[in-house]
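K.L.:
I'd like to ask you about the structure that follows.
The values are calculated or read from the model by the stated rules, or taken from the named source; none is laboratory data. All figures in this text were calculated on a predicted structure; none of them were measured in a lab. Ideal geometry is used to build each Cβ from the backbone, glycine not excepted, and the neighbour counts take in all protein chains shown. Surface areas here come from the heavy atoms of the whole protein model, side chains and all, with no ligands, DNA or RNA. Shrake-Rupley method; radii C 1.70, N 1.55, O 1.52, S 1.80 Å.
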Amino acid sequence: MSAGLMHGAANTVSPAGARRGTVVVTTVASDSHTWNLVFLQLLIEELGYEVINLGPCVPDQVLIDACRETAPDLVVISSVNGHGHQDGLRVIDALRACGELASTPVVIGGKLGVAGHQSDAAIGELMSAGFDAVFDDSSSTTREFSRFVGTLSPAARPLERTEVVA
């Protein structure tokens, strides 16, 4: 799915015609799964955000460039292949090393290790590396993720409408 596809749906518009902000959704570079990204996009749009879905197998530099260009209110990294922990450490280092992205909220979730459930130490390592939240596949619910997204300060930017021609 390309960046810019499926921007803010009509049911995510507040009465004042503003969206809460922009969220970039992506996988780690080694993950080719897309269904998790589509699910996350729909969930986040229901929460009132515009979503830029970068799709699967996103190289670190492509993610950084997209975030520099869009200045998102949140970056959501999802993994299904079990390499989220390993790849996530590399990605968060690159994002935090970029001055303008150093304080952007970044979360990671899904199947973060090939064995499934991550230990408290593994989750702590991801948090210490710079993630604002970790949503391990075996221990997190969409309710916890939605609660986290709800704590973000609304950007209250005017909604940009896109027209899709079939």
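K.L.:
Just checking, does segment 77-90 include any residue being buried (at least 21 other Cβ atoms within 10 Å of the Cβ), farther than 12 Å from residue 28 by Cβ and touching a helix residue (DSSP H, G or I) at 6+ places or on another chain (Cβ under 8 Å)?
P.N.:
For segment 77-90, residues buried (at least 21 other Cβ atoms within 10 Å of the Cβ), farther than 12 Å from residue 28 by Cβ and touching a helix residue (DSSP H, G or I) at 6+ places or on another chain (Cβ under 8 Å): absent.
K.L.:
Could you go through segment 120-135 and let me know if any residue there is at pLDDT below 90, touching a strand residue (DSSP E or B) at 6+ places or on another chain (Cβ under 7 Å) and more than 13 Å from residue 89 (Cα to Cα). Outline the logic, then answer.
P.N.:
First, pick out the residues of segment 120-135 that are at pLDDT below 90: 120.
Okay, now just the ones that are also touching a strand residue (DSSP E or B) at 6+ places or on another chain (Cβ under 7 Å), so none.
Checked segment 120-135: no residue is at pLDDT below 90, touching a strand residue (DSSP E or B) at 6+ places or on another chain (Cβ under 7 Å) and more than 13 Å from residue 89 (Cα to Cα).
K.L.:
Mind listing whichever residues of segment 106-119 are open to solvent by less than 30 Å² (accessible area, probe 1.4 Å) and either hydroxyl-bearing (Ser, Thr, Tyr) or at pLDDT 95 or above (or both)?
P.N.:
To start, the set of residues in segment 106-119 that are open to solvent by less than 30 Å² (accessible area, probe 1.4 Å) comprises 106-110, 112-113, 116, 118.
Answer for segment 106-119, where residues must be open to solvent by less than 30 Å² (accessible area, probe 1.4 Å) and either hydroxyl-bearing (Ser, Thr, Tyr) or at pLDDT 95 or above (or both): 106, 107, 108.
K.L.:
Out of curiosity, is residue 93 open to solvent by 30 Å² or more (accessible area, probe 1.4 Å), within 24 Å of residue 71 (Cβ to Cβ) and under 13 Å from the mean Cα position of the chain (by Cα)?
P.N.:
no
K.L.:
Would you pick out the residues in segment 28-53 that are open to solvent by 20 Å² or more (accessible area, probe 1.4 Å) and either among the charged types (D, E, K, R) or out of contact with any Ser or Thr (no Cβ under 7 Å at 6 or more places or on another chain) (or both)? Spell out the reasoning first.
P.N.:
Just the residues of segment 28-53 that are open to solvent by 20 Å² or more (accessible area, probe 1.4 Å), to begin with: 29-30, 32-35, 38-40, 42-43, 46-47.
Passing the criteria: 29, 30, 32, 34, 35, 38, 39, 42, 46.
K.L.:
Name the strands (runs of 3 or more DSSP E) wholly inside segment 16-94 in which the number of residues that are more than 27 Å from residue 125 (Cβ to Cβ) is 2 or more. Even if it seems obvious, please write down each step before you answer.
P.N.:
Numbers: elements: 22-27, 50-53, 74-79.
Hits in segment 16-94: 50-53.
K.L.:
Within the bounds of segment 20-27, is there any residue that is over 17 Å from residue 88 (Cα atoms), open to solvent by less than 40 Å² (accessible area, probe 1.4 Å), touching a helix residue (DSSP H, G or I) at 6+ places or on another chain (Cβ under 8 Å) and modelled with pLDDT under 95?
P.N.:
Looking only at segment 20-27, we keep the residues that are over 17 Å from residue 88 (Cα atoms), and these are 20-23.
Keeping just the survivors that are open to solvent by less than 40 Å² (accessible area, probe 1.4 Å) gives 21-23.
Retained after the next criterion (residues that are touching a helix residue (DSSP H, G or I) at 6+ places or on another chain (Cβ under 8 Å)): 22-23.
Keeping just the survivors that are modelled with pLDDT under 95 gives none.
Checked against the condition, which is being over 17 Å from residue 88 (Cα atoms), open to solvent by less than 40 Å² (accessible area, probe 1.4 Å), touching a helix residue (DSSP H, G or I) at 6+ places or on another chain (Cβ under 8 Å) and modelled with pLDDT under 95, segment 20-27 yields no hits at all.
K.L.:
Evaluate the following for residue 65: is it under 16 Å from residue 24 (Cβ atoms), open to solvent by 20 Å² or more (accessible area, probe 1.4 Å) and touching a residue at least 12 places away in the same chain (Cβ under 8 Å)? Please lay out each step first, then the result.
P.N.:
On the way: under 16 Å from residue 24 (Cβ atoms): yes; open to solvent by 20 Å² or more (accessible area, probe 1.4 Å): yes; touching a residue at least 12 places away in the same chain (Cβ under 8 Å): no.
So residue 65 fails the test.
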